[in-house]
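Have a look at the structure below before the remarks.
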Amino acid sequence: MKQRVVIAMAISLRPSLVIADEPTTSLDVLTQYKIVEELLRLRDTFNVSLLSVSHDISMISRLSDRIMVMYAGKVVEMIPSSDFSRARHPYTFMLVNSIPSIQEDISEVLPIEGGSPPSLLTKPTGCPFEPRCRYATGSCREPGGADEPRVVEAGHTVSCTVLPQMKRDARASSAVRESAHGPEGTPIIEVRDVTKVFSKRSGLREGKASAGSGVTALDGVNLSIYPGECVAIVGETGSGKTTLSRIVGLLDEPTSGYISYMGRRST
Ligand code: SF4
């Protein structure tokens, strides 16, 4: 009920943008469904843009037009929801294949192996997903190799030097929605080259730090959200989702880069 009240508060002033960080976490599936449907109804009725943050791939696929997948503070893939079954980054592919299906034995679920995401205190020089990636090659450890997003299709970018061919799983297409809105017109909000470094000594919610002296929670993130468009940010805990949403909501300042809301720069 508290979550519902907060959502009602958020939309009562007819905002142009709603930032929903884990809007349905801990709710039962029926309530999740109702909240997702309500957010979509608001989007359609009032042309509200929605930035949702979640680790729930199936919910986010249903709710969003585009999905931005993050890993270790970096954007690894930007993909239209309707194309989610054609994910090209190994991390996204493994996320999709780690979703249990009601039709199959739970033992057939493919976990992401190889431990945890890298420490943000010591940034890896090569691809941050390399220690856990079953498709890694020697070139993946080269500095900056996976930094540049590569356009694989219109509106679909991937930060991976190898772009391996991966066996597709039909489950990925079952939960997606047809995209109703796309990147058209002037963006409601723009995130430009945003980096966020937290000071080691001051704790994660305080203190100024420059790049290289602390925890790099965000590393050169770019994002534009267009009128009526729903964009999802997906990633494991600690990947930078919440830091980004706090910066977009002006609850935190970026170390470098800026936010622009309807053409006005915040910093
Ligand atoms: S760059 Fe290499 S390690 Fe990184 S995701 Fe692509 S294949 Fe895997």
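Between Rg and the Kirkwood Rh of the chain, both from Cα atoms, what is the Rg to Rh ratio? Kindly include the intermediate steps, with their values, before the conclusion.
Numbers: Rg = 18.2 Å, Rh = 19.2 Å.
When Rh is taken as the Kirkwood radius, the ratio is 0.95.
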So F46 and Y33, fully extended at 0.36 nm per residue minus their Cα-Cα distance, gain in nm 2.7 nm
Sorted by chain and then number, the residues having a modelled amide H within less than 5 Å of the amide H of G257, at least 5 places away or on another chain, are T195
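What FRET efficiency would be calculated for the residue pair T125, S224, taking the C-beta separation as r and a Förster radius of 22 Å, to the nearest 0.05? Walk me through the numbers on the way to the answer.
Working: r = 29 Å, r/R0 = 1.31.
It comes out at approximately 0.15.
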Once both label points are put 7 Å beyond Cα along the C-beta direction, the S116-T186 separation in nm becomes 4.5 nm
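Calculate what fraction, in whole %, of the accessible area of the chain sits on carbon and sulfur atoms when a 1.4 Å probe is rolled over the protein chains. Walk me through the numbers on the way to the answer.
Working: 7260 of 13500 Å².
Here carbon and sulfur together make up 54 percent of the probe-accessible area.
Per 0.36 nm of contour for each residue apart, how much would the distance between S12 and T25 grow if the chain were fully extended, relative to their Cα-Cα spacing?
Roughly 2.5 nm would be gained on extension.
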The distance between the Cα centres of the range 64-104 and the range 31-47, in whole Å, is 22 Å
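The values are calculated or read from the model by the stated rules, or taken from the named source; none is laboratory data. Predicted, not measured: the structure shown is a model, and the values here were computed from it. Here the Cβ is made from the backbone with ideal geometry for all residues, glycine too, and neighbour counts use every protein chain on show. Only protein heavy atoms, including side chains, enter the accessible area calculation; ligands, DNA and RNA are left aside. Shrake-Rupley method; radii C 1.70, N 1.55, O 1.52, S 1.80 Å.
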